[in-house]
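Undergrad: Below is the structure I would like to discuss, written out as structure tokens.
The values are calculated or read from the model by the stated rules, or taken from the named source; none is laboratory data. What you see is a predicted model; the values in this text were computed from it and never measured. Here the Cβ positions follow ideal geometry from the backbone for every residue, glycine too, while neighbour counts run over all protein chains shown.
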Amino acid sequence: MKRVGTSEPNGPVRAIAMRYVTENRAMPRGRKPEGEQALSNAERQARYRARHTTPALPAAVRPRRAADRRSRPQRWRDAVSELLSLQAAYADWLAALPDGLRGSSIAESLEAIVEFDLTDLAEIELPRGYGRD
């Protein structure tokens, strides 16, 4: 008959040693005191309050863009008038261009801008909307 815990069939039985896992390796209980003794409750509370009463950093204030309160037709008219004024400025630039730059890419770009017909945009009458047409 084979006995448990041995490799020999009729050899001596060796008992399995029982050991206590947490006997010598206990977990530390809390933080180690900074001084000779642990802090009292009053000292701990005073430290907590001092730590939490420091002034917080001011929140970053980002300036907000002003809301555009103009109606869509008004914004359309403003945009078209801006395009027309830019086209007139480019026409003045083209007229003042030196003769040496007349055949350059700058002159070609300015001519394309000046020749572009923006009067159709200015003549458009936009719908007022919401049954006010």
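Undergrad: With the requirement that a residue be over 41 Å from the mean Cα position of the chain (by Cα) and in a helix (DSSP H, G or I), what does the range 79-104 give you?
TA: Ala88, Ala91, Asp92, Trp93, Leu94, Ala95, Asp99, Gly100, Leu101
Undergrad: If I filter the range 51-63 for residues that are part of a helix (DSSP H, G or I) and within 40 Å of the chain's Cα centre (by Cα), do I get at least one hit?
TA: Checked the range 51-63: at least one residue is part of a helix (DSSP H, G or I) and within 40 Å of the chain's Cα centre (by Cα).
Undergrad: Inspect the range 72-83 for any residue being among the basic types (Lys, Arg) and more than 25 Å from Glu111 (Cα to Cα) and give the result as yes or no.
TA: Yes.
Undergrad: Which one is modelled with the lowest pLDDT, of the residues in the range 105-133 that are assigned to a loop (DSSP other than H, G, I, E, B) and surrounded by fewer than 10 Cβ atoms within 10 Å (Cβ to Cβ)?
TA: Here the answer is Asp133.
Undergrad: Conditions first: (1) among the small types (Gly, Ala, Ser); (2) modelled with pLDDT of 85 or more; (3) not in a helix (DSSP H, G or I). Ala26 passes all but one, so which condition is the exception?
TA: Going through (1) among the small types (Gly, Ala, Ser); (2) modelled with pLDDT of 85 or more; (3) not in a helix (DSSP H, G or I) one by one, Ala26 breaks only (2).
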